Amino acid sequence: MSSPLAASAVLFQDDFSVNGTLNAANWDYNHWSQNNNSSFLGQTQMRQNLPSAENGMARIKMDTYTPPPPDNPNAQSNSYYGSEAITTQAWDLTGGALAFEGKFRFEGTQGGMIAGFFSYEKFDIGKGNKVHDEIDFEIITSQMAKISTNVFKHQESGTPQSIAVDGGLGIDHVYRFEWLPSVVRWFVDGKLIREDTQHVPTKPQQLHINLWGAPQTDPPNGGPWGKNPGDPTGPNITDPTLLLAKTPAENKSYYFDVDYVKVERLSTQLGDGGHNNMLGSAAAEAIDGAAGDDVIDAGDGHDVVAGGEGNDTLIGGNGDDSLYGGTGTNLLRGGAGADRFHTADGTDTIRDTLANLNGDTMAGLGANDTVHVEGVQVGRGDVAVAPGTGGSSVTIGGTTFQVEGDHSGGDFMTVARGNGPDAHTLLTFQNFLPTLAEGARVDAGKINGIANEPFLTGDGTVGFTAELKSAASAYANTLGYYKIAADGTIGDVNILFNNTMNVAAGARTVDLGTPADGERVAFFLIQNGFSKFGALPDNLSFLNPGVGTPADIDTGNTPILQSATLGVLSGAAIFHSLSTLNPNDAIQVLSGTSAGGKELLIGFEDLPSATGDNDFQDVVISIKVDTSDFLLGA
């Protein structure tokens with residue numbers, strides 16, 4: 001469970017306990033100017049004075065009537081009259097992570113307004129600010145069930161996202177965002193509702209609170225505004241019932257009530273560009289490795305640990321920790337406690353025992369990420385996956401953890417290998433094999449080669465079988481397999497089906513044997529091989545061209561196929577499941593799993609992918625292991 005970090009110091013706080021205008025030493029507002037008027041938002045002119053505090057609340061007020069300017073007392077009002085307060089101070093991450101917190105509510109039910117609690121990049125007076133840094137909470141009063149969050153990193157348009165809040169926005173809640181070098185985290189009443197590692201601001205920020213009205217009219221006000229991009233099924237932001245008042249008598253007033261605000265410095269350790277070894281304390285703290293290949297052990301406490309750039313090792317230790325792998329290839333170990341792992345940015349392995357994984361949460365677990373369970377072999381039949389709101393609950397034995405995300409397009413697979421103290425299981429999420437049809441080009445984003453390479457790697461005890469699922473081609477293709485030793489050499493070359501277009505019903509499943517420890521199974525297709533060579537003998541080998549030694553996947557050379565009796569088999573294109581063995585590293589297969597996650601399906605394209613129809617249904621096979629259904633075992 002992720003919880004807010006503790007403060008090492010309070011940098012700024014206002015409880016609004018003194019009635020009257022907010023303290024001008026602490027607060028300011030956007031000042032009107034003839035050109036580039038930053039005090040005009042939406043269809044709202046901000047007051048040129050600070051809001052007031054009453055009964056322990058800052059009352060941020062918006063009126064529907066705007067008084068005419070002194071130099072034109074007969075002017076017709078065409079805007080709302082809003083309020084704002086901006087801290088005179090700005091803060092950055094130089095001294096460590098920051099938290100901005102406030103307790104507030106919107107008074108009433110009228111739509112069409114925006115009440116903001118946000119940090120915004122500090123600009124010099126008169127400077128442009130379209131491209132900027134910003135972190136937001138916004139009450140969009142047309143949608144009182146959800147809080148709008150947003151973040152900008154040197155952007156003109158942010159990345160909004162609206163999240164439901166228990167009880168709605170008309171009652172007090174404590175809103176907090178934590179700004180760390182590698183992540184921004186949003187909380188409501190101490191509950192994490194959002195995190196973002198892609199758009200983390202870097203510039204000094206001031207705290208803003210304001211209330212203003214969305215535009216009703218076309219340019220120059222740019223309205224009316226439609227749906228919030230972060231709430232695409234919600235209501236329009238502009239509410240036509242929020243009427244502009246033409247006279248003081250028609251005016252209506254609305255209030256955004258703020259109980260308190262504060263800015264905290266969080267206990268933080270920051271790495272540099274080197275390879276850092278960092279050890280945390282027993283306190284709840286933020287530890288960020290920044291660039292470099294870092295090793296971070298957070299120790300005890302409810303910590304936030306971020307690797308940043310580089311290939312990092314992150315250890316949460318005791319406590320409910322949040323671990324962010326960052327970019328690179330990272331190893332994450334939560335230890336005891338209800339930990340949260342964010343694996344969206346790099347290639348990450350979450351590695352721990354079943355006992356320590358109990359109660360954990362994985363966010364952003366992709367096809368390149370792995371949950372590595374130490375000390376046990378777990379067959380896929382012993383993994384229970386229960387879909388739920390926002391993700392799936394995964395249960396193995398007496399351990400349950402949550403994996404966030406939409407899993408309707410695939411399933412979880414296990415790779416159970418090793419024995420005794422070396423026993424382990426790799427759990428990954430893999431997409432289903434795409435729907436394939438003759439002549440139907442597969443979307444380029446789904447052409448993925450071998451999706452789960454560890455699944456095809458043996459340990460000396462696990463047996464494999466291959467099944468021909470379908471074949472549809474103008475060619476009588478030959479399909480074979482071989483084994484790649486731990487040192488990269490290719491051996492044990494065999495033919496599965498001499499003619500994939502003519503395989504008897506009882507001959508569609510073939511035993512691939514038991515690969516040695518670290519030995520991988522791979523496949524090759526000879527285009528129209530049966531028409532060219534007939535049934536090939538059982539004396540084949542792949543060799544390095546011009547050398548005659550066994551082919552090695554690490555050389556980068558395209559191997560040649562030779563028969564001990566027929567010699568070099570030339571005159572036919574050969575495509576490999578391993579792209580590095582194809583000319584120009586062409587990807588000639590795609591793969592995925594099926595419902596239940598017990599098989600890897602591989603579809604071959606029998607024309608060069610650079611020029612072919614890329615339908616990948618010319619030959620489709622299924623690979624299974626004989627450990628899919630055994631129970632949890634040590």
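Conditions (1) modelled with pLDDT of 95 or more; (2) among the basic types (Lys, Arg); (3) in contact with a strand residue (DSSP E or B) (Cβ under 7 Å, 6 or more places away or on another chain), marked per residue:
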{"residue": "Phe542", "(1), (2), (3)": "yes, no, yes"}
{"residue": "Gly548", "(1), (2), (3)": "no, no, no"}
{"residue": "Gly556", "(1), (2), (3)": "no, no, no"}
{"residue": "Gln562", "(1), (2), (3)": "yes, no, yes"}
{"residue": "Val589", "(1), (2), (3)": "yes, no, yes"}
{"residue": "Thr593", "(1), (2), (3)": "yes, no, yes"}
{"residue": "Lys598", "(1), (2), (3)": "yes, yes, yes"}
{"residue": "Asp606", "(1), (2), (3)": "yes, no, yes"}
{"residue": "Phe616", "(1), (2), (3)": "yes, no, yes"}
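If a residue has to be among the small types (Gly, Ala, Ser) and either assigned to a strand (DSSP E or B) or without any contact (Cβ under 8 Å) to a residue 40 or more places away in the chain (or both) to count, how many in region 40-55 make the cut?
To start, the set of residues in region 40-55 that are among the small types (Gly, Ala, Ser) comprises 42, 52-53.
With either assigned to a strand (DSSP E or B) or without any contact (Cβ under 8 Å) to a residue 40 or more places away in the chain (or both) added as a condition, the list becomes 52-53.
So the count comes out to 2.
Of the residues that sit in region 412-433 and are in a loop (DSSP other than H, G, I, E, B) and more than 29 Å from Ser609 (Cα to Cα), which one is farthest from the chain's Cα centre (by Cα)?
The selected residue is Asn419.
Among the polar types (S, T, N, Q), crowded, with 20+ Cβ neighbours inside 10 Å and out of contact with any Pro (no Cβ under 6 Å at 6 or more places or on another chain), is that true of Thr94?
On the way: among the polar types (S, T, N, Q): yes; crowded, with 20+ Cβ neighbours inside 10 Å: no; out of contact with any Pro (no Cβ under 6 Å at 6 or more places or on another chain): yes.
Taking the combined requirement at face value, the residue does not satisfy it.
Residue by residue through region 378-394, note down the ones that are open to solvent by 30 Å² or more (accessible area, probe 1.4 Å), closer than 17 Å to Ser628 by Cβ and not aliphatic (A, V, I, L, M).
Gly381, Asp382
Which of (1) polar (S, T, N, Q); (2) closer than 27 Å to Lys598 by Cβ; (3) assigned to a loop (DSSP other than H, G, I, E, B) is the odd one out, the single condition Thr327 does not satisfy?
Among (1) polar (S, T, N, Q); (2) closer than 27 Å to Lys598 by Cβ; (3) assigned to a loop (DSSP other than H, G, I, E, B), Thr327 violates only (2).
Could you tell me whether region 92-107 includes any residue that is in contact with a helix residue (DSSP H, G or I) (Cβ under 8 Å, 6 or more places away or on another chain) and farther than 25 Å from Pro4 by Cα?
The answer is no; no qualifying residue exists.
Which residues, counting only those in region 434-460, are of a type in the set (A, V, I, L, M) and in a loop (DSSP other than H, G, I, E, B)?
Residues satisfying the conditions are Leu436, Ala437, Ala440, Val442, Ile447, Ile450, Ala451.
In region 1-37, which residues are part of a loop (DSSP other than H, G, I, E, B) and acidic (Asp, Glu)?
Within region 1-37, the first condition is being part of a loop (DSSP other than H, G, I, E, B), and the residues that meet it are 1-6, 15-19, 22-26, 29-37.
Passing the criteria: only Asp15.
Quick one: how many residues across region 287-298 are open to solvent by 20 Å² or more (accessible area, probe 1.4 Å) and more than 20 Å from Asp196 (Cβ to Cβ)?
The initial filter retains those residues of region 287-298 that are open to solvent by 20 Å² or more (accessible area, probe 1.4 Å), namely 290-291, 293, 295, 297.
Filter once more, keeping what is more than 20 Å from Asp196 (Cβ to Cβ): 293, 295, 297.
Total meeting the criteria: 3.
Quick check on this structure: which one of Thr347, Thr327, Thr353, Thr361 is without any contact (Cβ under 8 Å) to a residue 40 or more places away in the chain, under 18 Å from Phe429 (Cα atoms) and β-branched (Val, Ile, Thr)?
That would be Thr347, the only listed residue that is without any contact (Cβ under 8 Å) to a residue 40 or more places away in the chain, under 18 Å from Phe429 (Cα atoms) and β-branched (Val, Ile, Thr).
Asp312 is checked against (1) more than 20 Å from the chain's Cα centre (by Cα); (2) open to solvent by less than 50 Å² (accessible area, probe 1.4 Å) and fails just one. What number does that condition carry?
Of everything listed in (1) more than 20 Å from the chain's Cα centre (by Cα); (2) open to solvent by less than 50 Å² (accessible area, probe 1.4 Å), Asp312 misses just condition (1).
In this structure, does Asn55 turn out to be at pLDDT 90 or above, open to solvent by 50 Å² or more (accessible area, probe 1.4 Å) and either on the phi > 0 side of the Ramachandran plot or in contact with a helix residue (DSSP H, G or I) (Cβ under 7 Å, 6 or more places away or on another chain) (or both)?
Yes, satisfied.
Of the conditions (1) polar (S, T, N, Q); (2) farther than 18 Å from Ala6 by Cβ; (3) surrounded by 15 or more Cβ atoms within 10 Å (Cβ to Cβ), Thr268 clears all except one; give me its number.
(2)
When you check Gly316 against the structure, is it without any contact (Cβ under 8 Å) to a residue 60 or more places away in the chain and out of contact with any Lys or Arg (no Cβ under 6 Å at 6 or more places or on another chain), yes or no?
Judged against the criteria, Gly316 is a match.
Name the residue that is modelled with the highest pLDDT, counting only residues in region 9-31 that are touching a Leu at 6+ places or on another chain (Cβ under 9 Å) and open to solvent by 50 Å² or more (accessible area, probe 1.4 Å).
Leu11
Please report, ordered by residue number, the strands (runs of 3 or more DSSP E) entirely within region 489-532 with at least 2 residues that are out of contact with any His (no Cβ under 8 Å at 6 or more places or on another chain) and surrounded by fewer than 18 Cβ atoms within 10 Å (Cβ to Cβ).
Passing ranges, in order: 490-497, 509-513.
Please identify the pairs in which a residue from region 195-211 that is free of Cβ contacts under 8 Å to residues at least 60 places away in the same chain and within 29 Å of Leu323 (Cβ to Cβ) has its Cβ atom under 7 Å from the Cβ atom of a residue that is open to solvent by less than 30 Å² (accessible area, probe 1.4 Å) and not in a strand (DSSP E or B), counting only partners at least 6 apart or on another chain.
Cβ pairs passing all conditions: Asp196/Val183; Val200/Ser182; Val200/Val183.
For region 167-185, which positions are open to solvent by less than 10 Å² (accessible area, probe 1.4 Å) and in contact with a helix residue (DSSP H, G or I) (Cβ under 9 Å, 6 or more places away or on another chain)?
If the condition is that a residue be open to solvent by less than 10 Å² (accessible area, probe 1.4 Å) and in contact with a helix residue (DSSP H, G or I) (Cβ under 9 Å, 6 or more places away or on another chain), then Trp179, Leu180 are the ones that fit.
The values are calculated or read from the model by the stated rules, or taken from the named source; none is laboratory data. None of the values given here were measured: they were computed from a predicted structure. Cβ sites come from the backbone with ideal geometry, for glycine too, and all protein chains shown count toward neighbours. For accessibility, only protein heavy atoms count, side chains too; no ligands or nucleic acids. Shrake-Rupley method; radii C 1.70, N 1.55, O 1.52, S 1.80 Å.
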